[in-house]
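Nothing in this text is a laboratory measurement; each read-out follows from the coordinates by a stated rule. As the structure is a computational prediction, the values presented were derived from the model and not from experiment. Virtual Cβ from ideal backbone geometry, glycine too; neighbours counted across all protein chains shown.
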Amino acid sequence: MGFDVLGNWIAFTLLGLDATGRLGAAVQFFVMDTAKIFFLLAVIIYVMGLLRAFVSTEKVRTLVMNRPLWMGRSLAITLGSVTPFCSCSSVPLFIGFVEARIPVSITFAFLIASPMINEVAVVLLVTLLGWEVALWYVLAGLAVAYVGSVIIGWFKPERWVESYVWDIQSRHRQESQAQYGGLQARHAFAWNEVKVIVKRIWHWVVIGIAVGALFHGYVPEAWVSETLADASNWWSVPAAVLLGVPLYSNATGVIPVVEAMLGKGVPLGTSLALMMSIAALSLPELLILRKVIRWPALALFVAVLAVAFMLVGYGFNYFYG
């Protein structure tokens, strides 16, 4: 059963909610995303734990550290670009990368690129805006992911990762025992990783998805479009970025919003700034990330992306205004 099918069944069949109503839309979204994200969280953490039980984190660290950072960032961005995850769905992989001792700045490159760029969104953008704008959007997204991860790396974000995620001191012995044990020991280690991490963050995941569901069900797209329709002055782009934070969708899902905004006269750069903000800087994602990284890293992540999205918005408004 697909996650959307599960959401439809619980919201509209089991609970009997109106499929066209705001409450029905919010409940359907909540059920669908909760099931999807917890499934991804469990599977990815388990797989990463299993890999750690076969290959020591010291070997992974040595392998990564012996490669240029630009190569690691490029690979992370490439992986992010071909995985059609929303911002919240990218967090489990973010956790897995950190657990594997991949430098945090590289994991941020993936976290930025994954929700903003995917092949479906690019095709839809080509259909809506033409290949030239779609190409520039992709290049802008790649630049934001790369430069953003470089800037975040300057601040040594490893010191702001919550200790339970990658505390070698507390897990090294268990990991070593699993590596020298059989398949059962490795499975037990991986499953314990799932239980430890999910137990620590599950309530934040639920809160984050609930916030996204409320905005999904109760904030109409028309309101967003009308709010920015006449805002062609300097503050329209920062306003679009700010408006995008509490909203929650992936790049594919937000394209119809961009189309509606363009139809109401909202400048292209302002529309794309909103699209980037919704896709990669959502409040639900930030609530979940808070249990993985501390406030300084979270503030840095938000500040870097907000400034980058505003620059992209101003740039598109200048060249396509």
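Structure above, values below:
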| item | result |
| --- | --- |
| Likely footprinting exposure, Ser74, Ser114, fewest C-beta neighbours within 10 Å first | Ser74, Ser114 |
| Inter-label distance for Thr127 and Arg67, nm, one decimal - labels placed 7 Å from Cα along Cα-to-Cβ | 3.5 |
| Ordering of 130-142, 281-293 by packing [mean C-beta count within 10 Å, highest first] | 281-293, 130-142 |
| Segment Val82-Phe39, length gained on full extension (0.36 nm per residue, minus Cα span) | 13.5 nm |
| Computed label-point distance, nm, for sites Lys156 and Leu242 using a 7 Å Cα→Cβ extension | 3.5 |
| Gain in span if fully extended, Val5 to Glu119, counting 0.36 nm per residue against the direct Cα distance | 38.7 nm |
| Ordering of 273-280, 295-302 by burial proxy (mean other Cβ atoms within 10 Å per residue, highest first) | 273-280, 295-302 |
| Virtual spin-label span in nm between Phe319 and Trp191, 7 Å along Cα→Cβ | 5.4 |
| Amide H contacts of Ile293 (H built 1.01 Å from N, under 5 Å, at least 5 apart or other chain) | Glu162 |
| Likely footprinting exposure, Phe29, Phe108, fewest C-beta neighbours within 10 Å first | Phe29, Phe108 |
| Cβ-Cβ FRET estimate between Leu75 and Leu214, R0 fixed at 45 Å, reported to 0.05 | 0.80 |
| Contour excess over end-to-end distance, with Cα ends at Arg22 and Trp235 and 0.36 nm allotted per residue | 73.7 nm |
